[in-house]
Amino acid sequence: MRNVVFVLPFVTEGALKFVSGTANVPGVRLGVLAQDPADKLPPSIKDRLAGHWQVQNAFDPRQIAEGVQGIAGQMGPIDRLIGSLEPLQEPLAEVRAALGLPGMSPEVARNFRDKAVMKTIFESKGVPCARHRLAHRREEALDFLADVGLPVVVKPPAGACSVDTFRLETQDDLDAYLARMQAESGPVLFEEFLRGEEHSLDAVTVNGRMVWYSISKYWPSPLTVMENPWMQWCVLSPRHVDVPAYVAIRETGENAVRALGLTTGLTHMEWFQRPDGSVAVSEIGARPPGAHFMTLLSHAHDVDFHHAWAKLMVDDTFEVPERKYAVGAAYLRGAGTGRVKAVHGIAEANAEIGSLVVEARLPTPGQQQGNAYDGVGFVMLRHEDTDLVAQALRQAVEILRVELE
């Protein structure tokens with residue numbers, strides 16, 4: 001038996017899928033370190049735990065280390081320490097190093113987490129990416145802009161999910177942002193604005209070799225969705241990815257992972273295909289993708305990818321599944337922010353594309369919508385024919401409309 005601690009900052013439906021997947025790995029005795037009490041866990045998971053430890057801040061390395069030692073007192077020496085969220089990867093790596101546990105090192109975790117460090121490594125290793133500058137002062141930002149011009153993208157060096165990420169198109173945009181930057185503390189990452197179609201590449205690397213990957217196309221980019229509240233985001237993952245069109249990004253993705261130092265794990269990379277056909281990496285995380293991508297991957301392969309990720313993290317092994325379907329998701333949201341009043345077009349959408357729907361979560365009246373690009377609901381589609389899924393995604397966002405109060 002192997003004693004595994006899963007760090008679970010918050011009890012959410014998505015996080016519980018990873019916890020359950022870990023509990024189902026053969027030969028695992030599971031402990032959970034969480035900010036929530038054990039009673040908040042569903043009985044299907046709580047009853048299977050060999051240990052639980054509550055902390056105030058599950059992102060604090062000191063509290064994680066104390067919690068791991070506390071759980072070890074409940075279930076015996078710990079063999080693995082894992083967690084699925086991106087902000088956890090650096091503190092988990094620090095604790096692993098301190099306690100002598102296997103897994104991603106602090107240096108590698110920082111390479112993935114700090115986007116300025118990441119892109120500097122890419123440049124040194126010949127991995128194509130956007131030109132960038134980590135600016136601590138207004139003058140550094142202006143020096144960078146003198147080289148690349150507008151538009152540019154600005155973001156936190158350790159951000160995720162397009163939070164606090166902006167595109168500066170005009171001089172007025174730039175002046176307003178620089179005034180804000182001067183009033184705030186902390187560096188800002190300025191990047192060349194990459195033009196082209198945005199995609200992602202999810203990949204599994206084992207012992208330094210990419211053994212599996214998946215491609216997804218974004219309609220439109222998450223940043224464009226954030227800038228236009230009326231848009232509903234779509235993702236399409238084709239059935240066939242071992243095709244000539246993706247050879248360049250497959251090789252680039254493997255080079256990017258190798259350059260950052262990861263030997264075994266699941267990575268999520270966002271990349272652009274430029275108008276001339278060349279590729280450029282936007283950024284990459286050493287963690288599972290968000291926005292229900294793991295569920296999409298599960299539907300594409302008829303395999304539980306939450307369980308497959310857990311087995312990879314615990315056993316350093318991955319059984320490459322057969323890809324059976326193209327899959328896609330339409331993420332539903334209303335224009336702006338507020339509470340959901342109604343969802344229109346459900347009957348029509350069901351008549352038009354209902355046969356392709358494999359999972360759906362429709363927004364419910366009274367549900368609060370923020371400004372996230374993945375909205376407050378989704379419809380997932382699958383079929384053997386990629387073009388049919390693409391057409392159905394277009395129909396979904398044209399027919400379904402979320403009305404906010």
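All of the numbers you see were taken from the coordinates with simple rules; none came from a lab. The shown structure was predicted, so the numbers you read here are calculated from the model rather than taken from an experiment. Cβ placement follows ideal geometry from the backbone for every residue including glycine, while neighbour counts extend to all protein chains displayed.
Name, by its number, the condition in (1) among the hydrophobic types (A, V, I, L, M, F, W, C); (2) touching a residue at least 12 places away in the same chain (Cβ under 8 Å); (3) surrounded by fewer than 21 Cβ atoms within 10 Å (Cβ to Cβ) that does not hold for residue 215.
All conditions pass for residue 215, except number (3).
Looking at region 24-52, which of the residues that are touching a residue at least 40 places away in the same chain (Cβ under 8 Å) and small (Gly, Ala, Ser) is nearest to residue 81 (Cα to Cα)?
Within region 24-52, the match that is nearest to residue 81 (Cα to Cα) is 31.
Which of the numbered conditions does residue 246 fail, given that it passes all the others? Conditions: (1) more than 13 Å from the chain's Cα centre (by Cα); (2) crowded, with 19+ Cβ neighbours inside 10 Å; (3) under 26 Å from residue 377 (Cβ atoms).
Only one criterion in (1) more than 13 Å from the chain's Cα centre (by Cα); (2) crowded, with 19+ Cβ neighbours inside 10 Å; (3) under 26 Å from residue 377 (Cβ atoms) is unmet by residue 246, namely (3).
Could you pull out the residue among 170, 165 that is crowded, with 17+ Cβ neighbours inside 10 Å, closer than 25 Å to residue 275 by Cβ and among the polar types (S, T, N, Q)?
165
Any residue in region 132-155 that is surrounded by 20 or more Cβ atoms within 10 Å (Cβ to Cβ) sitting within a Cβ distance under 6 Å of a residue that is part of a helix (DSSP H, G or I)? List the pairs, counting only those 6 or more apart or interchain.
132/119; 133/144; 135/141
One line per residue, one yes/no per condition, for (1) among the aliphatic types (A, V, I, L, M); (2) in contact with a strand residue (DSSP E or B) (Cβ under 7 Å, 6 or more places away or on another chain):
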position: 146; (1), (2): yes, no
position: 153; (1), (2): yes, yes
position: 181; (1), (2): yes, yes
position: 210; (1), (2): yes, yes
position: 213; (1), (2): no, yes
position: 234; (1), (2): no, yes
position: 242; (1), (2): no, no
position: 249; (1), (2): yes, yes
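Taking the options 315, 302, name whichever one is without any contact (Cβ under 8 Å) to a residue 24 or more places away in the chain and either farther than 12 Å from residue 204 by Cβ or small (Gly, Ala, Ser) (or both).
Result: 302 is the single residue among 315, 302 that is without any contact (Cβ under 8 Å) to a residue 24 or more places away in the chain and either farther than 12 Å from residue 204 by Cβ or small (Gly, Ala, Ser) (or both).
Listed here are the residues, each with its yes/no results for (1) surrounded by 18 or more Cβ atoms within 10 Å (Cβ to Cβ); (2) under 18 Å from residue 4 (Cβ atoms).
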site	(1), (2)
59	no, no
76	no, yes
96	yes, yes
99	no, yes
102	no, yes
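Quick test for you: out of 322, 283, 270, 254, pick the one residue that is acidic (Asp, Glu), in a helix (DSSP H, G or I) and within 30 Å of residue 81 (Cα to Cα).
254
Which residue pairs have Cβ atoms under 7 Å apart, sit 6 or more places apart or on different chains, and have a first residue in region 93-113 that is more than 10 Å from residue 260 (Cβ to Cβ) and a second that is acidic (Asp, Glu) and surrounded by fewer than 19 Cβ atoms within 10 Å (Cβ to Cβ)?
106/94
Only residues that are surrounded by 15 or more Cβ atoms within 10 Å (Cβ to Cβ) and in a loop (DSSP other than H, G, I, E, B): list them for region 329-366, please.
333, 334, 335, 345, 362, 363
Conditions: (1) farther than 30 Å from residue 15 by Cβ; (2) surrounded by 14 or more Cβ atoms within 10 Å (Cβ to Cβ). Residue 116 meets all but one. Number of the miss?
Just one mismatch for residue 116, condition (1).
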